[in-house]
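Heads up: the structure comes next, in structure tokens.
No lab work stands behind these numbers, since they all come straight from the coordinates. None of these values were measured; they are calculated from a predicted model. No Cβ is skipped: glycine too gets one built from the backbone with ideal geometry, and neighbour counts run over all protein chains shown.
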Amino acid sequence: MAASILRPRTLDSELPNLPPAPIDLPRMWNAGRWLFSFVLSLILAYASTRWLETRLGLAAQGSLACVVTSSLFIVGGLALYGIFPSRGWFENYSSLSNKPLHRTIVRYLNPKANTALLSRIYPRYIVGDRPYFLVWYLPGVRLPSPNLSGGAEPLLFNSEGHWIDDEALFHKLALMWTVALFICPGNPLDKSLVNTVNRLKQMAQSHLASLPGLLAVNADAFRRQGLGDDLGLVQAAYEAKCDWWRNTIRAGERKIEWANAHGWDGMPEMRYEDIRPFYDAYAQLVEAGRRFVARHRLAEAEQAALRLSGAVSGRKGISGGWTSRRALDAALQKFAAPFSPGEIDFRRVDGEWRAPEIMLAAYRSRVAYARQVDAEKGISMAAPSGAAK
């Protein structure tokens, strides 16, 4: 039973899956090779410093080698951890890769508001066959930050370094940026998403799979405590809960697949032709998930499982005559864990996804500020009308 709980079952057909990731994007940097090279460099640094100490006849040999290696470990480790999520910036937005674009981005920092830039997610956004660029300006912070703050405003640019006033284009780039945050919660050295999916699999196999048998042998004990209805609700919803659990794992695996394909936080490129079908499928999955949860009364079953767990755990549970009490309690708690169907932040209007109003208002505000800066400097950096199409 434990091995089969993750295999597809009949109810799985009620929930769609996310599409597979594209396979023709720029290859992700190999984190394993970088780590291997880093460790090898530390070993070589330690060995060469020890050799130098021996040749020079220094007292307390090994101390200099330890200092040098430790320093390299701290400095190199911090640099390595920062390189991966910054790949998109280095390849697309930095002064070395595109000086006109970088100069224009800096031009619209607001020194009076201590404005800085968002420090993550800097791909080139491909719409049709043209690249575009999106930057978030963060007020009230002096250094780049990985998190949006209140009052953050986005601005679009083309590859020539002109800012763009085009709301239809903004909706597309905002959609891609939102999906980037969804599929890439960290750099490839951060295994939190991978660990979460693996932990869900382990919990399903070690706890959820054993729940039917544990409920069966403890059924009389539950009924004696007046919990027969809750027991029946949990038993009736068990297969649906397992499917919902498998669906959550499948979605997590697809997120990892898309993150690997794009390069995690350091993604160098996103294409609208890939992201639009992905978001369409995600919206279908969310809607199907809401219907699935309601149809199979999962929210009610999860609350029932919590009540059953309350009867099993604690001091009262010790004297309740339960069979495998701790295993039963753990399995009920895992069953009671709710999985949200997700949220659809964008609205579909005339067949196109539109960004939330708060995001659109922030974009309009930054466009107005860009016009103000251009007027003050007497030089317009706005893209020519129609050039963004």
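Some points to look at:
- Global geometry of region 247-291, whether rounded, prolate or oblate, following the gyration tensor of its Cα atoms and the 1.5 cut on a/c: oblate
- Pairs exceeding a 25 Å alpha-carbon distance, out of Lys172/Lys201; Lys172/Lys377; Lys112/Lys377: Lys172/Lys201; Lys172/Lys377.
- Our estimate of slack between Asn198 and Glu376, defined as 0.36 nm per intervening residue step minus the Cα-Cα distance, is 58.6 nm.
- For the chain, the dipole from Cβ point charges (+1 on Lys and Arg, -1 on Asp and Glu) about the Cα centre works out to 920 debye, to the nearest 20.
- Normalised by 2.2 N^0.38 Å, where N is the number of residues, the C-alpha radius of gyration of the chain stands at 1.28.
- Packing-based exposure ordering (other Cβ within 10 Å, fewest first) of Thr54, Thr49: Thr54, Thr49
- Rh (Kirkwood; distinct C-alpha pairs) - region 166-271, Å: 16.9 Å
- Sorted ascending by nearby beta carbons within 10 Å, beginning with the fewest, Asp165, Asp229, Asp129, Asp345 become Asp129, Asp229, Asp345, Asp165.
- Angle between the chain longest axis and helix 63-83 axis [Cα atoms, degrees, rounded to 10]: 90 degrees
- Orientation-averaged projected area, Cα convex hull of region 187-336 (nm²): 10.2 nm²
- Relative contact order computed over the chain (Cα-Cα under 8 Å; 6+ residues apart), in percent: 25 percent
- Angle in degrees between helix 357-377 and the longest Cα principal axis of the chain, rounded to the nearest 10: 10 degrees
- Relative contact order for region 187-336, counting Cα pairs under 8 Å that sit 6 or more residues apart, in percent: 39 percent
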